[in-house]
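Below: the structure, in structure tokens.
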């Protein structure tokens, strides 16, 4: 009895219940489609936050060797420039103490801790190569300043006047300073012997990070060592010992197979070891790039067209002068699997959106911006979208069918829905299989507009037809609701043609 009453007097549709969708937090960040300049770090409540990625050095055409030391214990370091291969390694990685990236190389005082060999013909340390401008740089964290610790070592030999001259390039810790030694590395016009030593003046404090840079200017022959951007020692590879002499060129000899040893008997950490074919500028202390980090979510399906998103809340931290910008796109249709069409709209999280976005699909873009010093990053813990699904119209009720001669007259109860736009009639020759093509009104389904009665004409007398009706709304594309009750009727000449 109750069902019959509800069928006779259908209730107006209830407002859609508000739902929510969360990215980040306990849901992790699996909803991220792409990210550039962004890293995931342990943050709020021990879960992963989005933060700015460290501005690690990136390989360029001028890069000869680049070791990030970003591995995990049990893995091996690799040259990001692709010019050197690893021959042996006894180092570990520290993820707690690093300057840039996910980790730093941990050296424990072992002999020949890391050995590399040139694998590309473009590698500077290939035997028989003449160099021009070059730079060698790394971040240094010495656990102690005991003697005999070598940070970088290359040895070979070259022929001069029928005799073999031993060659060496060495960076080592001497009496608490960083010293550079070049033995027969720079070649005078006579090809004779020439040694150069740069004795550092800055006293290094154990367990502190320092940026160390050595660079050579092939125009003047100047060889300069600096610590944290400040000149530490200077020398000249030329015949005058000043800026105006005849420059001696670097050359790697061919006496034996070339090897580059990193961290021989060194006790401490190294990070971002880079050798370049250029006269590099001193590095800054900026940990983060001035460019924003950008994260783009996947296209999120809210289920129904014209779904309303009244608010988007986030949990973020913006220390100092850092900031986080948020943008959205919405659409009822998607033209690609990675980004919705249209322009991005910026919004302020937490506040009710003045013009709530509507659509079946939504996508969020996040920009993380560092402070002016490049040393502080914002973080984002989670994003929560609150949305109200735009539900399709309910199913029509009380569908009836009156057979006629070559036709079936249909009528049904009007659907109560503010977004109702019309109805579609489905028909066929079997129950729940509405693939009919007989009617002169068209194949199934037939759009009959906003009416509650319709006559299917041009049907075959004696054939049994099964029919149902659905309502659809005004969204684009049209969203239709469920099927009405199914009716069956068999046209016949006995019924006449109707009114």
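The values are calculated or read from the model by the stated rules, or taken from the named source; none is laboratory data. Remember, it's a predicted structure, so these values are computed and weren't measured experimentally. Reconstructed Cβ throughout: ideal geometry from the backbone, glycine too, with neighbour counts over all protein chains shown.
One table, with the values for the structure above:
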read-out: So residue 340, is it under 21 Å from residue 306 (Cβ atoms), buried (at least 19 other Cβ atoms within 10 Å of the Cβ), out of contact with any helix residue (DSSP H, G or I) (no Cβ under 8 Å at 6 or more places or on another chain) and assigned by TED's automatic domain parsing to the domain that holds residue 303; value: yes
read-out: Some residue of the stretch 192-203 being crowded, with 21+ Cβ neighbours inside 10 Å and in contact (Cβ under 8 Å) with a residue 40 or more places away in the chain; value: no
read-out: Condition check for residue 466: at pLDDT 90 or above and within 51 Å of the chain's Cα centre (by Cα); value: no
read-out: Residues of the stretch 72-92 that turn out to be under 20 Å from residue 264 (Cα atoms) and in contact (Cβ under 8 Å) with a residue 24 or more places away in the chain, as a count; value: 10
read-out: Output for the stretch 472-488, where each listed residue is assigned to a strand (DSSP E or B) and either under 18 Å from residue 435 (Cα atoms) or not assigned by TED's automatic domain parsing to the domain that holds residue 428 (or both); value: 480, 487, 488
read-out: Which numbered condition residue 272 misses (of (1) assigned by TED's automatic domain parsing to the domain that holds residue 45; (2) in contact with a strand residue (DSSP E or B) (Cβ under 6 Å, 6 or more places away or on another chain)); value: (1)
read-out: Subset tally (residues that are farther than 19 Å from residue 173 by Cβ and at pLDDT below 95) for the stretch 95-116; value: 7
read-out: Residue in the stretch 119-126 that is surrounded by fewer than 23 Cβ atoms within 10 Å (Cβ to Cβ), at pLDDT 95 or above and either part of a strand (DSSP E or B) or not assigned by TED's automatic domain parsing to the domain that holds residue 254 (or both) present; value: no
read-out: Of all residues in the stretch 371-387 being in a strand (DSSP E or B) and buried (at least 19 other Cβ atoms within 10 Å of the Cβ), the one that is farthest from the chain's Cα centre (by Cα); value: 387
read-out: Any hit, the stretch 68-76, residues being in a strand (DSSP E or B), over 30 Å from residue 298 (Cα atoms) and at pLDDT below 95; value: yes
read-out: Pick from the stretch 321-335, criterion modelled with pLDDT of 90 or more and in a loop (DSSP other than H, G, I, E, B), ranking: nearest to the chain's Cα centre (by Cα); value: 322
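Okay, residues lined up against (1) in contact with a helix residue (DSSP H, G or I) (Cβ under 7 Å, 6 or more places away or on another chain); (2) more than 24 Å from residue 23 (Cα to Cα); (3) touching a residue at least 24 places away in the same chain (Cβ under 8 Å); (4) not assigned by TED's automatic domain parsing to the domain that holds residue 47:
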site	(1), (2), (3), (4)
323	no, no, yes, no
327	no, no, yes, no
353	no, no, yes, no
359	no, no, yes, no
365	no, no, yes, no
374	no, yes, yes, no
383	no, no, yes, no
401	no, yes, yes, yes
405	yes, yes, yes, yes
